[in-house]
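Novice: Okay, handing you the structure first.
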Ligand code: PGA
C-alpha cells in the first residue's frame, strides 16, 4: 500500500511572508503522522517554503506548471524552474484551471508529461460537475477525462504521478461525496490505471478532494483505493492541518 498523501492546495492565498510564518508555525506543531504532507502554494511563495521546509519531512510544490520546457511563453513557469527551488509536486488540471483558464485535457496531458520529464510529480485532477453527477454518468465521464489527461504520460514508476478525484460540485461547497462514492470512484480509477500502466497501477496514489475536513478525512481515506486527500479550504490554518494529519494517522 502506498503511503497516504495529505496534499494542501492553498489556491490564491498567502503572500510569501505569510507562507513563511505559516511554515514556521507548522514546523513547531507538526504531529506524528504516517501520511506524507505536501503544500501546493502560489509559485511566488515557493522560495519561502524552501527556506523553511527544506530538510524537513514536509514536501511542497506548485499549483500549475507549463507544458513547455522553456522559451517565449510569457508568464509561464517550467518544470526546471520548479525543480531548481526544490519543488517536488505540481497540481495539473485542477477544475478551477479547466474552468477559468480553459485548460483542456489535452493541455493537462502535456503539462503532466512536462512535469514528469522535468522530475516533478504531477497531481493530476479529474472529476465531474453537478450536471454529470445528476445524470449518474460520473464514472464514465471521470474515466474519459482521466484517460485523456494521461494520454501523453509515459509512467515508468508509480511514484512519478498522483491522481486526484475531485468532484467539482464538492469543491469549496461543504458538500462531500460520501466515503462510499469516493471509494467507488477510486476503485474505477484504479482499474483504468491498471489498463494503462499494468504493474505500476497498484502503487499510484489516488486522492479524494472536495470539502475534506478533519471530521471526514479518516472515513474517506479508509476506502481501499483512496490514498490520501487534496484539501483546499481546510489547508489554510495550521490548526486544521494538524487536525487533518492527526485524523489520518
Ligand atoms: P476544498 O478544495 O477542500 O476547499 O473543497 C479542494 C480543492 O479544490 O482541491
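Novice: At what distance in nm do the modelled label points of residue 70 and residue 187 sit from each other, each positioned 7 Å from its Cα along Cα→Cβ?
Specialist: The answer from the label model is 4.9 nm.
Novice: Over the chain, what per residue volume does the convex hull of the Cα atoms give, in whole Å³?
Specialist: Working: hull volume 28.2 nm³, N = 249.
Hull volume over Cα atoms, normalised by residue count, gives 113 Å³.
Novice: Next question, about the same structure. Can you compute the modelled spin-label distance between residue 30 and residue 57, with each label point 7 Å from Cα toward Cβ, in nm?
Specialist: 0.7 nm
Novice: How many percent of the alpha carbon pairs in the range 148-222 exceed a separation of 21 Å? Each step should come with its number before you reach the end.
Specialist: On the way: 840 of 2775 pairs.
Across the range 148-222, Cα pairs with separations above 21 Å total 30 percent.
Novice: When the Cα centres of the range 22-44 and the range 180-249 are compared, how far apart do they sit, in Å?
Specialist: If you average the Cα positions of each part, the centres end up 17 Å apart.
Novice: Tell me what the chain gives for mean residue ellipticity at 222 nm when only DSSP H runs of n ≥ 4 count, each as -39,500 (n - 2.57), the sum divided by the residue total, rounded to 500 deg cm²/dmol. Please report the intermediate quantities before stating the final value.
Specialist: Working: 10 runs with 100 residues, N = 249.
The helix-only estimate for the chain comes to -12000 deg cm²/dmol at 222 nm.
Novice: Where does the range 14-103 land on Rg(C-alpha)/(2.2 N^0.38 Å)? Intermediate values should be presented prior to the final figure.
Specialist: Numbers: Rg = 14.1 Å, N = 90, 2.2 N^0.38 = 12.2 Å.
After normalising by residue count via 2.2 N^0.38 Å, the value is 1.16.
Novice: Continuing with the same structure: What distance in nm lies between label points placed 7 Å from Cα along the C-beta direction at residue 12 and residue 249?
Specialist: Spacing of the two 7 Å Cα→Cβ label points: 3.6 nm.
Novice: From a point 7 Å beyond the Cα of residue 134 in the direction of its Cβ, which residues of the range 161-198 have a backbone N at a distance under 15 Å?
Specialist: Correct set: 168-170.
Novice: Would you mind putting 206-215, 67-76, 12-21, 219-228 in packing order, based on average other-beta-carbon counts within 10 Å, highest first?
Specialist: Details: 206-215: 22.9, 67-76: 10.7, 12-21: 15.4, 219-228: 20.4.
Packing order, densest peptide first, comes out as 206-215, 219-228, 12-21, 67-76.
Novice: I need to check one value: relative contact order of the range 5-247, counting alpha carbon pairs closer than 8 Å and at least 6 residues apart, in percent.
Specialist: Numbers: 480 pairs, mean separation 46.7, N = 243.
Worked out over the range 5-247, it gives 19 percent.
Novice: Please give the peptides 113-119, 194-200 ranked by average Cβ packing (other Cβ atoms within 10 Å per residue), highest first, as a rough proxy for protection. Intermediate values should be presented prior to the final figure.
Specialist: Details: 113-119: 19.7, 194-200: 13.4.
Going from most to least packed, we get 113-119, 194-200.
Bear in mind that the values in this text are calculations on the coordinates, not laboratory data. These figures come from a predicted structure and were not determined experimentally. Because the Cβ atoms are built from the backbone with ideal geometry, glycine has one as well, and the counts that use them run over all protein chains shown.
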